[in-house]
Protein chains: 2
Amino acid sequence: MHTRTDVRRIVEERWNSLTKPPGSLGRLETLVADLAEMQGTPEPKLDRKAMYIFCGDHGSTVEGTSAWPSEVTAQMVRNFLRGGAAISVLGKSTGLELTVVDCGVLGPPIAGAVNRKIAQGTRNFVQEPAMTRAQAQQALDHGAALAGECQADIAGVGEMGIGNTASASALISAFTGLTPADTVGHGAGVSAEGLLRKRAAVEAALTRHKAAFADPLDTLAAVGGFEIATMAGFVLESAALRRPIVVDGFITSAAVLAARALSPDVVNYLFYSHCSAERAHRRVLEILGAEPILDLGMRLGEGSGAALAINLIAQAHGLYTNMATFEQAAVAESKESAL
Amino acid sequence: MHTRTDVRRIVEERWNSLTKPPGSLGRLETLVADLAEMQGTPEPKLDRKAMYIFCGDHGSTVEGTSAWPSEVTAQMVRNFLRGGAAISVLGKSTGLELTVVDCGVLGPPIAGAVNRKIAQGTRNFVQEPAMTRAQAQQALDHGAALAGECQADIAGVGEMGIGNTASASALISAFTGLTPADTVGHGAGVSAEGLLRKRAAVEAALTRHKAAFADPLDTLAAVGGFEIATMAGFVLESAALRRPIVVDGFITSAAVLAARALSPDVVNYLFYSHCSAERAHRRVLEILGAEPILDLGMRLGEGSGAALAINLIAQAHGLYTNMATFEQAAVAESKESAL
């Protein structure tokens, strides 16, 4: 096994041997160095690329926190599986193996989704903890087991769950100290009045569950979601297995904050795909020290930003693997080297 | 034929009928609206995607303006054609039809390249005009003819030419009034001393040819390059034919400034792929009112940034074309619409 420093040096040497000015592919070069460092080899593999979409419902929607009815979660799960959703289309064009995980969607199990349903939606965090500590642990375990079964060389993580931006905002406030005024945004399009209800709900939850925030698992249980906790478990185990994870947007970053609180080393195995248009995402990325690859004003979730970033990482990897060297192409090298 | 406003409205209506919150695909939605507006139809086509790489040598390299010997231009043309260059790899993975145009490379015609050689490199613009006015017009005509023959639904434009960032800097200064201190950068990696030589050469050229800058064609002749002028002609005719053009980086933006000076309407048919790490590119994009799609610190040219952007535009187009509507997927619509 190479050391991290060795791997980066060897990757940089290979990039500099390819027919282009040194460093001229910019971020594409560092993305491959990051990938190599995560996988622990200067010849990183990207033969299999996966996307996991973690889905679950939220009891706090009774507070009027979302513009959409909760039944849309199950409807969208079916849409993912039938190929009609954004992530279905992007997954196909990018060659992603798509896994849809039902972590706690309202209603019966859905054919084609991996059933890891913990309950029919969380409880309303304004009134009580969203889930028990045992359920939070169960979700983490589910995610870890899925990561252990995954055979892909890289995995994107996305989510679906009506009401889950409220949960993500509460988690982000709990883990970072940002106030709900900072962390609560329009999500999937809530109205101005809805935004006030959503902010009030998150404020009430933060006040009610304050004592839980001393412990990451208690925090997840108090204001998290089944899909967010399962994703956190998936991210934790993926990092332990040195499998690079491509983070999606706002809600995914809440799962990352939870995973980081449980094991700070996870941040070494993450690509941050994009900066979402959702309020506070840029702030959260700054707190994580993340440099998002794309900034396209997206705010969909589902792993849609992660899919685009995997495509870019794959293109960078293709360049690293398939470009000719100066020697192979009989191209003269630079007379000077300044940059 | 729909009016521009009609087209944008119809595209927006279709986006809003698809299974996602309105506007949540951000820039991907506006990219398709732009594409539709350029093509003049709410059902834009992207069946065929092309990349044109315009190549030429520069007499001003005798001033020591580049870190690379001029023979690298022809060597890289062969590398493009043999599949070893960055644009070869990206072109293949994105399904681009690649055309390499020899607009004035030193040496004999190169098998596989389209021969539109005007001369064996330009003259040294520090001492005399880079080309005659007739040659500049010939290059524009070559570019226009190539655009007329092109069958693609979208075309990226890139370039190769040792010494051509000096020419681009001079053109940008001439067209925008920015000084060489603003517009001259490290290009393909010139040293600190080389940068001083390059800046001095551009300053000398700007002083010598000042009178030419009253006229765009004279400007191109004085300090341009055969590949830059041919590209400008290609861009002009593509716009006339309503074929969307995806602009690459710094040198391409000089060709765009020339084309815009000849016909301001061209800017309505351009996608700006990325912001290059080359000094002054961000400034030039601001002057053009451009919003680059990507910002990855690249500074390679060849059309490499344009290829990545075409890939993203194609993914946006795929979403627009292939996603299910709320009706098709039996997904409930939002109860509110705030954004």
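The values are calculated or read from the model by the stated rules, or taken from the named source; none is laboratory data. In this text the structure is predicted, and so the values were computed from the model without any measurement. Virtual Cβ from ideal backbone geometry, glycine too; neighbours counted across all protein chains shown. Accessible surface areas use protein heavy atoms only, side chains included; no ligands, DNA or RNA. Shrake-Rupley method; radii C 1.70, N 1.55, O 1.52, S 1.80 Å.
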| said: How shielded is B:274-280 by partner chains, expressed as the average number of their Cβ atoms within 10 Å of its Cβ atoms? | reply: 1
| message | For a quick size check, give me the Cα extents of the range A:111-210 along its three principal axes, largest first, whole Å. | response | 43, 29, 28
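Within the set of other residues whose C-beta is less than 11 Å from the C-beta of residue B:95, count the net charge using Lys and Arg as +1 and Asp and Glu as -1. Intermediate results must be reported in sequence, preceding the final value.
Details: positive: B:48, B:49, B:92; negative: B:47, B:97.
Net local charge, residue B:95 excluded: +1.
Per residue, what volume in Å³ does the Cα convex hull of chain A take up? Intermediate results must be reported in sequence, preceding the final value.
Numbers: hull volume 43.7 nm³, N = 339.
Per residue, the Cα convex hull of chain A comes to 129 Å³.
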| said: For a quick check of understanding: with a 1.4 angstrom probe and all protein chains in place, what accessible area in square angstrom does residue A:210 have, to the nearest ten? | reply: 150
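Tell me the Kirkwood radius of the range B:1-120: reciprocal of the mean inverse pair distance over distinct alpha-carbon atoms, in Å. Intermediate results must be reported in sequence, preceding the final value.
On the way: mean 1/r = 0.0569 Å⁻¹.
About 17.6 Å, per the Kirkwood formula over Cα pairs.
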| message | Let's see if you can work this out: charge +1 on each Lys and Arg Cβ, -1 on each Asp and Glu Cβ, no other charges. What is the dipole magnitude of the range A:23-144 about its Cα centre, in debye to the nearest 20? | response | 300
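Only bridges whose two residues both fall in chain B count here: according to DSSP, what percent of them are antiparallel, nearest 5? Intermediate results must be reported in sequence, preceding the final value.
On the way: 1 of 24 bridges.
Antiparallel bridges make up about 5 percent of those DSSP assigns within chain B.
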| Spacing of the two label points (7 Å from each Cα toward its C-beta) at residue B:82 and residue A:10, in nm | 2.6
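Under 8 Å for C-alpha pairs, at least 6 residues apart: give me the relative contact order for chain A, rounded to a whole percent.
Details: 703 pairs, mean separation 77.2, N = 339.
Over chain A, the number comes to 23 percent.
Charges at C-beta only: +1 for Lys and Arg, -1 for Asp and Glu. How large is the resulting dipole of the range A:49-316 about its Cα centre, in Debye rounded to 20? Display every interim value, and only then the final one.
Values: 20 positive and 24 negative charges, 41 e Å.
Once rounded to the nearest 20, the dipole reads 200 debye.
Only four residue types carry charge here, +1 at the Cβ of Lys and Arg and -1 at the Cβ of Asp and Glu. Report the dipole size of the range A:82-212 about the Cα centre in Debye, rounded to the nearest 20.
Details: 11 positive and 10 negative charges, 77 e Å.
Dipole of the range A:82-212, to the nearest 20 debye: 360 debye.
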| query | Which order do B:30, A:230, A:207 take when ranked by solvent-accessible area (1.4 Å probe, heavy atoms of all protein chains), largest first? | reply | A:207, B:30, A:230
| How big is the gap, in Å, between the Cα center of the range B:6-42 and the Cα center of the range B:162-181? | 36
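What percent do you get for the relative contact order of the range A:1-152 when only Cα pairs under 8 Å and 6+ apart count?
On the way: 186 pairs, mean separation 32.6, N = 152.
Once divided by the residue count of the range A:1-152, the mean separation gives 21 percent.
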| remark: Rounded to a whole number, the mean other protein chain Cβ count within 10 angstrom for residues of A:317-325 is 5
| note | Using a 1.4 Å probe on heavy atoms of the protein chains only, the accessible area for residue B:2 in Å², nearest 10, reads 80
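Shielding by partners for B:25-35, please: the mean number of other protein chain Cβ atoms within 10 Å of each residue's Cβ.
Working: counts 8, 12, 6, 8, 3, 2, 1, 0, 0, 0, 0.
Mean inter-chain Cβ contacts per residue within 10 Å come to 4.
Kirkwood Rh over alpha-carbon pairs of the protein assembly as shown, then Stokes-Einstein at 20 °C and 1.002 mPa s: what D in µm² s⁻¹, rounded to an integer? Walk me through the numbers on the way to the answer.
Numbers: Rh = 26.0 Å.
Reported coefficient: 82 µm²/s.
Which order do B:335, B:45 take when ranked by solvent-accessible area (1.4 Å probe, heavy atoms of all protein chains), largest first?
On the way: B:335 135, B:45 105 Å².
Most to least solvent-accessible, the answer reads B:335, B:45.
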| Listed residue pairs exceeding 21 Å between alpha carbons, taken from B:20/B:49; A:198/B:335; B:117/B:210; A:49/B:92; A:92/B:45 | B:20/B:49; B:117/B:210
| said: If you take every residue apart from residue A:312 with its C-beta less than 15 Å away from the C-beta of residue A:312, what net charge results, scoring Lys and Arg +1 and Asp and Glu -1? | reply: -3
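Over the range B:189-239, what number does the Rg to Rh ratio reach, with both radii from the alpha-carbon atoms and Rh per Kirkwood?
On the way: Rg = 13.8 Å, Rh = 12.5 Å.
With Rh from the inverse mean 1/r over Cα pairs, Rg/Rh is 1.10.
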| task | Enter the Cα centre distance for the pair the range A:182-234 and the range B:94-133, rounded to the nearest angstrom. | result | 60
| said: I'd like the Karplus ³J(HN,Hα) series for the range A:282-288: coefficients 6.51, -1.76, 1.60, θ = phi - 60°, whole numbers in Hz, and an x wherever there's a Gly or Pro. | reply: 4, 4, 5, 4, 4, 4, 7
| Given the protein chains as shown and a 1.4 Å probe, how many square angstrom of residue B:41 are accessible, to the nearest 10? | 40
| task | Relative to the longest principal axis of the C-alpha atoms of chain A, give the angle of the C-alpha long axis of helix A:164-176, reported between 0 and 90° and rounded to the nearest 10°. | result | 70
| Which is farthest toward the positive dipole end of the range A:49-316 among A:151, A:83, A:113, measuring Cα position about the Cα centre, with Cβ charges +1 (Lys, Arg) and -1 (Asp, Glu)? | A:83
| note | Residues other than residue B:104 with Cβ under 15 Å of its Cβ, Lys/Arg counted +1 and Asp/Glu -1, net out at -3
| note | With every protein chain kept in place and a 1.4 Å probe, the residues A:175, A:125 fall, from largest accessible area down, as A:175, A:125
